Structures are given as C-alpha cells and as structure tokens.
Amino acid sequence: MKLFRLFGLGLLCLGVVSAGCKQEADNVLTIAYAPNESTEQSVDARNGMAAALGKALGIPVREVHTSDYTAIIEALRTGQADMAYIGSLAVGMAMKRAKATPIVMKAPGGDKAKAIYQSVIVARADNDAIRSLRDLKGRTMTFVDPDSTSGNLIPTADIIKAFPELKLNSDLLHANGRFFEAVSYSGKHQAGLQAVLKGDIDAAPCSDNILAFEIARGAVPQGALKVIHTSAPIPAEAFVVGRSVPPETREKIRAFLTAYDDEAYFAQLLKVPGARFVPCSEADYRPILDLYLALNGE
C-alpha cells in the first residue's frame, strides 16, 4: 500500500516518482475521494473516518482529494491509491481498468434496497423554453465529468433515447454545434448548478442527492432551479479497494465500514443523512459498465 503526496492545487500526484511527488512507505493506506465542494465540516468528517479506520487497521490512513475520476482510476491501477470512494460508472471503470473491487455502497438507513440515487437535469426555473429533454436541442449544456454516472453517462443515454430520429451517439452529443449549441464539462456537480443559476449555461445534470444537499445548505436558492428530467434509479456510490490491498485487509476494511455510524460523515461528506454502508459486489455495477461500453462501442 502506497501513500502519495498532493501538490499544487490539491491535485493527485501520479506517474514517475520525483522530488515533487515522493512515494512514501508501504504501511500507509491511501484513500482517494472524487471532486466535491469541501466544507470545514466535511473535511473534519473525512479526517475522523480516516483516523478511526487507521486505528482499526493499526496503520496510518491518509485521504487525498483528486482532480477527477480518471486520476482516481489511474491511481488505483498503479497502486498509488489503495482505496477510493467513487460513483457507479467510475466503479465499473475501476473494475475494468484497475481490477479494483467494490466492497461497500452507501444506503439510506442501511437498507440495500434503497442504495440508489438518480440523475436529474436542471434548468433555471424562469426558463420557460426548457421543460423536458425534447427542449434541450440547440441549447447549452455542461456535463460533470466523462466518468461521472449521474453527471454524464446516464443523462447522455437518456437524451439519446429521447431523440431516436436523430441517431445520436455519445460523440455527437458531446461535440459543439452538433446537438447542443455548446457543450462542456464543469468538473463538479456543484459547478454545473452554479453555471445554470448564473445563466451561463442552459441546463446541467446532477445527482439528486447533491442537488438536495446544495438546496438545504443554501448554495442553491429554493425554487431557483427546476428539474426537467429524472432518470431511472442508479446504484449508489461505493468504496472500492485496489489490487494493492491484501484480501485480509480488504475484509477488515469492509467490516469497519459496515459498522461505521458517524452521522457527520454521512451527512456532511456523503450528503445523505442517516445513510450507512452495506456490502456490495461487482454484480451491482455490471449494468452500468455494460451501458458505458455499449454507448462507446467497446
């Protein structure tokens, strides 16, 4: 298990070890988290979980905040990260590219039947020209990240399905001037929401959990945005462990996480109050990976 440092603007150090990115001792477990809007409370919650896990394992645990999902998957593949908390598509891609194993998923109330969330597409509430998916053609759109489930994969599939006569594919949908007037990636769910709020972008997809959290904390004024589309249920985010983690350590981590009940962690960091971790497996994420492969012709 490897620990790697962060430098610059909190980006993940990858690749060749150098003076600026020195690989550390093997007796440290490194957890990578995907991009989000960190607050003092969420950082405290994240650090608290790491400290408790380290105590349970008897080794130090460090957390890093990566630039994007691709960086996480590459870190898992190369052994520079041992463990990561990522969305459904990234779980599937980590299974495919890094041979990582999903071990637990987030579930409201610890009920696996509720271990789902949905992708929503939002527009400004005062934008009367956009009411449904069929109104998105010719508009401006910002997806979240190429490897985001609710922020890219699912809305892409749903938009393609809504326009069978256009014979769209993922490449056409993400090219300026083909379906959308302009299309981009925001990097974060929250950034997409703010772009729509400011009128810079007509529409953006987002996790329904993050939308609810942003409204609750006042970052998105109540009633300022409207949901024009809601997807079918998606498997919840999961913790995955890489090949660098021995099987016995993996099981210790799973046991720790399924018993973990610090409410601040779930409410502040994972943005679902009352959630807990439940065991999961590759089978839970195979349909998402298969959808990605079908859309991208792999």
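The values are calculated or read from the model by the stated rules, or taken from the named source; none is laboratory data. All values derive from a computational prediction rather than experimental measurement. All Cβ positions, even for glycine, are placed from backbone atoms using ideal geometry, and neighbour counts span all protein chains on display. The area values use the complete protein model at the heavy-atom level, side chains included, leaving out ligands, DNA and RNA. Shrake-Rupley method; radii C 1.70, N 1.55, O 1.52, S 1.80 Å.
About the Cα centre of the range 110-225, what is the dipole size in debye to 20, counting +1 per Lys and Arg Cβ and -1 per Asp and Glu Cβ, all else neutral?
Values: 13 positive and 14 negative charges, 24 e Å.
Using only the charged Cβ atoms, the result is roughly 120 debye.
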Which distance in nm do the two modelled labels at Lys198 and Arg250 give, with both placed 7 Å along the Cα-to-Cβ direction? 4.3
With Gly223 itself left out, Lys, Arg at +1 and Asp, Glu at -1 over residues whose Cβ is under 14 Å from its Cβ give 0
Calculated from DSSP helices alone, with each H run of at least 4 adding -39500 (n - 2.57) and the total divided by the residues of the chain, [θ]222 nm to the nearest 500 comes to -9500 deg cm²/dmol
With a point put 7 Å past each Cα toward its Cβ, work out how far Thr230 is from Lys137 in nm, to one decimal. 2.7
So which residue, out of Val61, Val241, Val144, gets the largest mean-square fluctuation from a GNM of the chain using Cα contacts under 10 Å as springs? Val61
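Given a Förster radius of 25 Å and the C-beta distance between Ala294 and Gln222 as r, what FRET efficiency does 1/(1 + (r/R0)^6) yield to the nearest 0.05?
Values: r = 38 Å, r/R0 = 1.52.
Taking R0 as 25 Å, the efficiency between Ala294 and Gln222 is 0.05.
What longest region of the chain stays clear of trypsin sites (Lys or Arg not before Pro) that DSSP places outside H, G, I, E and B and that have at most 15 other Cβ atoms within 10 Å? Mind dumping the intermediate values first?
On the way: sites that count: Arg5, Lys22, Lys99, Arg131, Lys137, Lys167, Arg178, Lys198, Arg217, Arg243.
That would be 23-98.
Decide, for the range 193-298, between rounded, prolate and oblate: order the square roots of the alpha carbon gyration tensor eigenvalues as a ≥ b ≥ c, take rounded if a/c falls under 1.5, and otherwise choose prolate if a/b is larger than b/c, else oblate. Write out the running numbers ahead of the final one.
Details: a/c = 2.82, a/b = 1.43, b/c = 1.97.
Note, shape of the range 193-298 comes out oblate.
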Give me the extension gain from Ala283 to Ala175: residue separation times 0.36 nm, minus the current Cα-Cα distance, reported in nm with one decimal. 35.6 nm
Under unit Cβ charges (Lys, Arg +1; Asp, Glu -1), what dipole magnitude, rounded to 20 debye, does the chain have relative to its Cα centre? 320
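With +1 on the Cβ of every Lys and Arg and -1 on the Cβ of every Asp and Glu, and nothing else charged, how large is the dipole of the range 54-160 about its Cα centre, in debye rounded to the nearest 20? Intermediate values should be presented prior to the final figure.
Working: 14 positive and 11 negative charges, 54 e Å.
The calculated dipole for the range 54-160 is roughly 260 debye.
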HN-Hα J in Hz across the range 258-272 - Karplus 6.51, -1.76, 1.60, θ = phi - 60°, x for Gly and Pro: 5, 9, 6, 9, 6, 4, 4, 4, 6, 6, 8, 8, 8, 6, 9
State in Å² the accessible area per residue of the chain; use a 1.4 Å probe, count heavy atoms of protein chains only, and round to the nearest integer. 42
Roughly how many whole Å is it from the C-alpha centroid of the range 264-297 to that of the range 158-228? 20
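When you count, for each residue, the other Cβ atoms within 10 Å and take the mean per peptide, how do 78-87, 146-155, 65-74 rank with the highest first? Walk me through the numbers before you get to the answer.
Values: 78-87: 25.0, 146-155: 26.6, 65-74: 21.8.
The densest-packed peptide leads the list: 146-155, 78-87, 65-74.
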